[in-house]
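First the structure, in the form of structure tokens, and then the observations on it.
Every read-out reported here was derived from the displayed coordinates using simple, explicitly stated rules and does not represent laboratory data. Being a predicted model, the structure only gives us computed values, none of them experimental. Positions of Cβ are generated from backbone atoms using ideal geometry, with glycine treated the same way; all protein chains shown enter the neighbour counts.
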Amino acid sequence: MNPGCEWRQIGEYRDIRLEVSTGEDVGIAKITINRPEKRNAFRPPTLFELSDALNYARDDDSIGVIILTGQGDWAFCSGGDQIIRGNDGYIGDDEVAKRGVGRLNVLDLQVQIRRTPKPVIAMVAGYAIGGGHVLHVVCDLTI
């Protein structure tokens, strides 16, 4: 990958960024966990967005490889965001959470990464702790 690779942002997300390469280096999707103030810790909406981005990259025939990374130099991902963890587990702001069911479906995301028919490369800079460590382990390659 050319360090000067040009990227085009796809979609509007709150917790992640999805970009595809343009120019000479086509065929790359880069998914960035974009919560550097929380060391890229994930919460339920983060996992929904990651799943959506992986589906996009899987379904786009022009994409041949997926890079998963974290924003900034401090952490790839520090796992689940402990601030939002209640007595019933992780609380999101979706319909399931409104019913009072706490959960963090990171296992679903891990299975999705493993079953993606394109190579998923974890580009790790900084900490990869707890669930963040597992995220890079389930990828095909870590750099």
For Arg35, enumerate residues with amide H under 5 Å from its amide H, sequence gap 5+ or separate chain, H modeled in the peptide plane.
Asn40, Gln71
Give, in nm to one decimal, the length gained when the segment between Asp52 and Cys5 is fully stretched (0.36 nm per residue of separation minus the Cα-Cα distance).
14.6 nm
Of the residues Tyr13, Ser51, Ala128, the Cα lying farthest along the dipole of the stretch 6-142 towards its positive end, which is defined by charges on the beta carbon of Lys, Arg, Asp and Glu, belongs to Ala128
Which length gain, in nm to one decimal place, applies between Glu24 and Asp73 when the Cα-Cα distance is subtracted from 0.36 nm times their residue separation?
15.0 nm
Suppose each label sits 7 Å from its Cα in the direction of the beta carbon; what would the Gln110-Glu37 distance come out to in nanometres?
3.0
